[in-house]
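Following: one structure in structure tokens, then a few remarks.
The values are calculated or read from the model by the stated rules, or taken from the named source; none is laboratory data. What you are looking at is a predicted structure, and each value in this text was computed from that prediction instead of being measured. Cβ: placed from backbone, ideal geometry, glycine included. Neighbour counts: every protein chain shown.
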Amino acid sequence: MPASVYLPRRDLQCLLDLIVSQGYTLKGPQVIDGAILMRPLNSTSQLPKGLEQTQAPGEYRLQQTQGLRHFSWANGPQALKPLTFVPRETLWRSEAQPDGTLKFHESIDPPEPTAVLGVRGCDLAALALQDQHFAGDPYYQQRRQSLLLIAIDCSHPADTCFCASTRDGPDAKDGFDLALSELEEGFLVRAGSQQGTALMEQLQVSEPTLEQHQEAQSQLEQARQQQRHLPDFEPAELIQLNQHTAWDEVADACLSCGNCTSVCPSCFCFSESEAPELNGTESSHQRQWDSCFSEGHSYIHGHRFRPDTKGRYRQWLTHKFGSWVEQYGRSGCTGCGRCISWCPVGIDPLQVLTQLGETQS
Amino acid sequence: MNKPRIAVHKFSSCDGCQLTFLNLGEALLQLNEQVEILHFLEAGMSDAETEVDIAFVEGSLSTPNELERIQQVRANSRYLVSIGACATSGGLQALRNLEGQHDNWRDAIYARPEFIQTLKEVQPIAAAVQVDLELWGCPVSSAQILAAIRALLFDVAPIDDRDRVCLECKRQQAVCVLVTGAAPCMGPVTRTGCGALCPRFGRACYGCYGPSETPQTDTLAQRFAGFGLLPDAIARRFLLINSQAPAFLHTGKVFYHSGTGDQDD
């Protein structure tokens, strides 16, 4: 682990000011409508303070405590995904010419440099997966390259978290510019990139004491004691279990609403559509988040290949935990637990995986 | 080239969907350059009998006269598009279908019931004539109307978006009211089109766009029961604006009058 420095809590604002002074639009966690969302941030007073949370299958609640910590919670419904893979965007515009031909204009505006404070290990791992998937996508890439990432080691995982078992957390492993470990009195700060190092050098910091190192280490150990674990299974075999009764059971319980895929930080499916202007001569080509739980997702000229919930759930789970390994070299799950918390009926995919691992009676 | 001819017809309804046309604002002026609007009472044009390329029909079939009139509209129109909850599922007025007490209620409410000529059951437009496209919603959205007209002018099939409100709610990055507040949100079984309007303002979806594709209504009702909603309250979630849409009717009836001792079937 690279050398850390100590930043007292009262100087966190200096870090925020420094980032903004370098031309970044800063986004950070804020309480909005009963959840923690990434929103434009310029003052530490906007950050949660002493806020903790309870997450359970189908349930997400915030609790205010007397604590001073800004990051004593695990996550909100979204983190980085909407910033890089935006929910809806125009890819190009077309314009009919007098001679009947079409003229196309690529719709790709240079994004403003954006810094995000409060990114977790699970988010960084999911971002790395999306980086692979959208490697050749200029819309994604230009936003991705404008990101400065300030991570936080997770000290308060939720009951739905299992990042320790996917090895993506609770601490930020890599892919960040700066990473902070929040202690009672302040932060241990370490750099993960040249940009991060340059920022760190401009902060008024001190050498951490042995006690501060120990505090960080012991809270990390504690954060690793998660109750949920990814069950043992052979990813390549998931797809062979297509007749297992577990699929029927989960199909009965599932709303096919797609919330799990929308909150999943690695899910990348989208649909594209044409939005013509009323004048009939101009049109914009859009893409928007889609889900393998929608009917359009499996529609191929004249036929829906996954008309029912059973087929859709099976597609999601076998892809996320099975065929991702073949495609991207690892499972698509980074243990953030969002699909469990934000499922309106509280389905836990880990239970389905466990069931699939059991022999059928 | 002659401009395509359009009519907007009114049946039993509140006129809200016609107002959606008027609320198009500048787009309505642009629309007027693309098409000829011949019949549209809210906008002051009256020529109900005229032949048109596209007839938009607002409202449900609630009277014997409307049953006859819709046949005439169908005969006069190349495309018939039903707009809004009343036209697509019967709307609020179809709540009377649930009790089957048409005559008793009419006689109890009106001083001279002999002047009231209504059907015992309210019907959507598609129950009487072939409908080429249904735009759901109470009211429909301006964007839906414009997209449908544009597609028909291009002579392509309009997109029938039956996705759930949830998908759009997440695209809008609204916070789920069901998960954060155990609100009985109908979003997971309701068709999109509103832009997740209610959840974006912290309110549970009440299903005014009718059922989505593969609506898992029984599963959602069980979840509401788990939140502590009483059977009658669950029934009201499903039996409101679109009570006669089959998926909502099926699940709503399971809870309707159950446990109150006066179940009427």
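In segment A:306-350, what residues are in contact with a strand residue (DSSP E or B) (Cβ under 8 Å, 6 or more places away or on another chain) and either within 13 Å of residue A:259 (Cβ to Cβ) or surrounded by fewer than 20 Cβ atoms within 10 Å (Cβ to Cβ) (or both)?
The answer is A:340, A:341, A:342, A:346.
Touching a residue at least 60 places away in the same chain (Cβ under 8 Å), farther than 26 Å from residue B:203 by Cα and among the acidic types (Asp, Glu): does that describe residue A:17?
no
Under the condition of being without any contact (Cβ under 8 Å) to a residue 60 or more places away in the chain and buried (at least 17 other Cβ atoms within 10 Å of the Cβ), which residue from segment A:193-215 is farthest from the chain's Cα centre (by Cα)?
In this case the residue turns out to be A:215.
Identify all residues within segment A:235-258 that are β-branched (Val, Ile, Thr) and within 13 Å of another protein chain (Cβ to nearest Cβ); write none if there are none.
Hit for segment A:235-258 is A:250, nothing else.
Being away from every other protein chain (no Cβ under 14 Å) and buried (at least 17 other Cβ atoms within 10 Å of the Cβ): is that true of residue A:134 here?
When the stated conditions are applied, residue A:134 passes them.
May I ask you to say which residue of A:100, A:169 is under 14 Å from the mean Cα position of the chain (by Cα) and modelled with pLDDT under 95?
A:169
Out of segment B:199-219, which residues are facing chain A (nearest Cβ under 10 Å) and surrounded by fewer than 23 Cβ atoms within 10 Å (Cβ to Cβ)?
Across segment B:199-219, the qualifying residues are B:200, B:201, B:202, B:213, B:214, B:218, B:219.
Output the residue which, of all residues in segment B:161-173 that are surrounded by fewer than 24 Cβ atoms within 10 Å (Cβ to Cβ), free of Cβ contacts under 8 Å to residues at least 40 places away in the same chain and not polar (S, T, N, Q), is nearest to the other protein chains (Cβ to nearest Cβ).
Filtering first and then ranking leaves B:171.
Does residue A:124 satisfy the condition of being out of contact with any Cys (no Cβ under 7 Å at 6 or more places or on another chain) and closer than 28 Å to residue A:8 by Cα?
Yes: the conditions hold for residue A:124.
Where residues in segment B:144-160 are within 9 Å of another protein chain (Cβ to nearest Cβ) and surrounded by fewer than 18 Cβ atoms within 10 Å (Cβ to Cβ), which of them is nearest to residue B:124 (Cα to Cα)? Before the answer, list the steps.
Taking segment B:144-160 first, the residues within 9 Å of another protein chain (Cβ to nearest Cβ) are B:146-147, B:149-151, B:153-154, B:159.
Now restrict to residues that are surrounded by fewer than 18 Cβ atoms within 10 Å (Cβ to Cβ): B:151, B:154, B:159.
Values: B:151: 24, B:154: 28, B:159: 21 Å.
For segment B:144-160, the residue satisfying everything is B:159.
With respect to residue A:150, determine if the residue is in contact with a strand residue (DSSP E or B) (Cβ under 7 Å, 6 or more places away or on another chain) and in the same structural domain as residue A:76 (by TED's automatic domain parsing).
yes
Please state which of the following conditions residue A:19 fails to meet, knowing it meets all the rest: (1) assigned to a loop (DSSP other than H, G, I, E, B); (2) under 19 Å from residue A:176 (Cα atoms).
Failed condition: (1).
When you look at residue B:228, is it touching a Phe, Trp or Tyr at 6+ places or on another chain (Cβ under 8 Å) and more than 8 Å from chain A (Cβ to nearest Cβ), yes or no?
It is false that residue B:228 is touching a Phe, Trp or Tyr at 6+ places or on another chain (Cβ under 8 Å) and more than 8 Å from chain A (Cβ to nearest Cβ).
Show me the strands (runs of 3 or more DSSP E) found entirely inside segment A:22-61 where at least 3 residues are within 19 Å of residue A:180 (Cβ to Cβ), more than 10 Å from every other protein chain (Cβ to nearest Cβ) and not polar (S, T, N, Q).
Of the strands (runs of 3 or more DSSP E) lying wholly inside segment A:22-61, those with at least 3 residues that are within 19 Å of residue A:180 (Cβ to Cβ), more than 10 Å from every other protein chain (Cβ to nearest Cβ) and not polar (S, T, N, Q) span A:25-32.
Could you identify the single residue in B:145, B:125, B:83 that is outside the structural domain of residue B:212 (by TED's automatic domain parsing), of a type in the set (A, V, I, L, M), touching an Asp or Glu at 6+ places or on another chain (Cβ under 6 Å) and under 24 Å from residue B:162 (Cβ atoms)?
Of B:145, B:125, B:83, the one residue that is outside the structural domain of residue B:212 (by TED's automatic domain parsing), of a type in the set (A, V, I, L, M), touching an Asp or Glu at 6+ places or on another chain (Cβ under 6 Å) and under 24 Å from residue B:162 (Cβ atoms) is B:83.
Working carefully through the options A:112, A:95, A:184, A:106, find the one that is touching a helix residue (DSSP H, G or I) at 6+ places or on another chain (Cβ under 9 Å) and touching a residue at least 60 places away in the same chain (Cβ under 8 Å).
Answer to the check: A:184.
Determine if segment B:118-139 includes at least one residue that is among the basic types (Lys, Arg), buried (at least 16 other Cβ atoms within 10 Å of the Cβ) and away from chain A (no Cβ under 14 Å).
No, segment B:118-139 contains no residue that is among the basic types (Lys, Arg), buried (at least 16 other Cβ atoms within 10 Å of the Cβ) and away from chain A (no Cβ under 14 Å).
Test residue A:230 against the stated conditions and say whether it is in a loop (DSSP other than H, G, I, E, B), under 30 Å from residue B:212 (Cα atoms) and under 25 Å from the mean Cα position of the chain (by Cα). Give the derivation first.
Numbers: in a loop (DSSP other than H, G, I, E, B): yes; under 30 Å from residue B:212 (Cα atoms): no; under 25 Å from the mean Cα position of the chain (by Cα): yes.
No, not satisfied.
Restricting attention to segment A:295-318, and to residues there that are away from chain B (no Cβ under 12 Å) and part of a loop (DSSP other than H, G, I, E, B), which single residue is nearest to the chain's Cα centre (by Cα)? If you could, list the steps in order and put the result at the bottom.
Of segment A:295-318, the ones away from chain B (no Cβ under 12 Å) are A:300-303, A:305, A:314-318.
Checking the rest, the ones that are also part of a loop (DSSP other than H, G, I, E, B) come to A:301-302, A:305.
On the way: A:301: 33, A:302: 34, A:305: 29 Å.
Selected residue: A:305.
In segment A:259-277, how many are within 17 Å of the chain's Cα centre (by Cα), at the interface with chain B (Cβ under 8 Å from one of its Cβ atoms) and surrounded by fewer than 24 Cβ atoms within 10 Å (Cβ to Cβ)?
0
Got a number for residues in segment A:278-294 being touching a helix residue (DSSP H, G or I) at 6+ places or on another chain (Cβ under 7 Å) and within 11 Å of chain B (Cβ to nearest Cβ)?
9
From the list B:196, B:233, B:183, which one is within 30 Å of residue A:283 (Cβ to Cβ), more than 9 Å from chain A (Cβ to nearest Cβ) and modelled with pLDDT of 95 or more?
Of the residues listed, the single one that is within 30 Å of residue A:283 (Cβ to Cβ), more than 9 Å from chain A (Cβ to nearest Cβ) and modelled with pLDDT of 95 or more is B:196.
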